[in-house]
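Taking it in order: structure first as structure tokens, then the write-up.
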């Protein structure tokens, strides 16, 4: 089975429309810049990635059933899908 751990990272950078994108950028400009000054760039990057990954995981595990299905369809089910082994 090919490594598909990228599926936990890519949702951090995917946005659900222009409003979602603009709100994320506004928040990062206001809060992210201040937090990066306090933590430093490396610790901020680690915190940003960890929060994104764990936010996605917790949303998939504890979100509403319809959102849970959406998360698991993108992350978990491809690992068990017969289509992932076509090239092998």
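Only helices (runs of 4 or more DSSP H) whose full extent lies in the range 29-88 are considered here, and the ones with at least 3 residues that are out of contact with any helix residue (DSSP H, G or I) (no Cβ under 6 Å at 6 or more places or on another chain) and modelled with pLDDT of 90 or more are 33-39, 41-62. Looking at the range 19-27, is at least one residue surrounded by 11 or more Cβ atoms within 10 Å (Cβ to Cβ) and touching a helix residue (DSSP H, G or I) at 6+ places or on another chain (Cβ under 8 Å)? So far as the range 19-27 goes, no, none of its residues is surrounded by 11 or more Cβ atoms within 10 Å (Cβ to Cβ) and touching a helix residue (DSSP H, G or I) at 6+ places or on another chain (Cβ under 8 Å).
The values are calculated or read from the model by the stated rules, or taken from the named source; none is laboratory data. All values derive from a computational prediction rather than experimental measurement. Note that each Cβ is placed from the backbone with ideal geometry, even for glycine, and that neighbours are counted across all protein chains shown.
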